[in-house]
Every structure is written in C-alpha cells, then in structure tokens.
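Nothing in this text is a laboratory measurement; each read-out follows from the coordinates by a stated rule. Please read these numbers as outputs of a predicted model, since none were measured by experiment. Please note: Cβ atoms are built from the backbone with ideal geometry, for glycine as well, and neighbour counts cover all protein chains shown.
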Amino acid sequence: MSNSIEFDEKRGEVRLLGLRQMVMSMDALCNHLDTLVGNQVAEVIIKNLELQEGKEEAERFVRNHPDAKVEEFLDLMKRYDALSGVGITSVRFSENQDGLVFIEILNPYIKRTSGSSKSLLFSWWCGALSAILHRDLDLESITYDASSDILKCTIAPRVIK
C-alpha cells in the first residue's frame, strides 16, 4: 500500500494509500441529504453507509496483513484521516474493562454533531473497530469543543435492549 496521495492527471485518478478515491465535498453532500430527507433519516443513511465502509476496509486490511497488530491498523487509518482531510485523529481505549473507545479529531473537516454530519466521521471508525476487535460497537456520544477545535466521540459495546 502506498504511503501518500497519488494523482494521475492523464487517467483522472486520485489514489490515497494505494486505493482509488474520488474527491468531493462531503459537507455539501450531508447538507443536501439532510435537506432532502430530514436530519434523522439522513443520519441513519450515512451511519449505515459508513459502518459498512469501515467494516469492509478493516476486513480488507486483515486479509492483506493477516499478522498485523491492531495498532498497525489504527496507525494506517489515522494517517488516512489526515491525508483525506478528515483531521488529525487519535484513538484511545478505556483502561477499565468497559470496552469504551475514545476518538478525537483535531481540526475536523465537519464540526456539526447533528444530522448526517453526526455520523459521517465516526461511524466509519465504529464499523472498522467492530471488525478489527471482533465485537459489535455503537456510537455513544459525539461532542464538539469549539475552543480546542476537537470533535470527540465515545464508542461503546452494543447493548441489546
């Protein structure tokens, strides 16, 4: 897997860490989706899309790197976040046995915590971590601290109600 962004103007291709991508304004997409179907429906659509994307990316990583440690996957995905413009991501696991994962994004691309934007940046992580850690996880809380420009999320083990 490549370590950077590659652009082939003759082919009209952008590759990020070796995977072909398309550059687009996700903020505009989220705003439009929120307007079309309402905040709650848009949030569910993006959440499901990103959960699946994260899960598939993690499974692809495991297939290509069967002996890799969780930390290697996290390092690669944090690099992906930075290269793709998401922001600077940090991931921390709870020291307790509660299974919580804390994710923070410094200088986040999207700062809103409602509608489809709420799910865009963290649902991918939730799906990827569910696949890598072999347990079902859910987004528990998402907050934005404007003074430090950090978007924060807590991911927790899924509770069956």
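What the table shows:
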{"read-out": "Separation in nanometres of the label points that stand 7 Å from Cα toward Cβ, at residue 135 and residue 113", "value": "2.5 nm"}
{"read-out": "Candidate aspartates and glutamates for bridging to residue 161, where Cα separation is under 19 Å - those fewer than 8 sequence places away on the same chain excluded", "value": "98, 136, 138, 140"}
{"read-out": "Residue (of 87, 36, 154) at the positive-pole extreme of the chain, dipole from beta-carbon charges", "value": "36"}
{"read-out": "Sparsely packed GluC sites (Glu not before Pro) within the range 1-90, loop by DSSP, other Cβ within 10 Å at most 13", "value": "9"}
{"read-out": "Reach of residue 69 by Cα under 14 Å, taken over aspartates and glutamates that are not fewer than 8 positions away in the same chain", "value": "59"}
{"read-out": "Helix-derived mean residue ellipticity, 222 nm - over the chain, DSSP H n ≥ 4, -39500 (n - 2.57), to 500", "value": "-15000 deg cm²/dmol"}
{"read-out": "Calculated from backbone phi, Karplus (6.51, -1.76, 1.60) coupling profile of the range 91-100 in Hz, x at Gly/Pro", "value": "10, 9, 8, 4, 7, 7, 8, 7, x, 6"}
{"read-out": "Helix runs (DSSP H) in the chain reaching 18 Å along axis by Cα, Kyte-Doolittle at least 0.0", "value": "115-133"}
{"read-out": "Prolate/oblate/rounded label for the range 40-157 (Cα gyration tensor, a/c 1.5)", "value": "rounded"}
{"read-out": "Cβ charges +1 (Lys, Arg) and -1 (Asp, Glu), total dipole of the range 40-157, debye", "value": "220 debye"}
{"read-out": "Distant-in-sequence amide H partners of residue 100 (H built 1.01 Å from N, under 5 Å)", "value": "94"}
{"read-out": "Net +/- balance of residues flanking residue 160 in space, Cβ distance below 14 Å, scoring K and R +1, D and E -1", "value": "+1"}
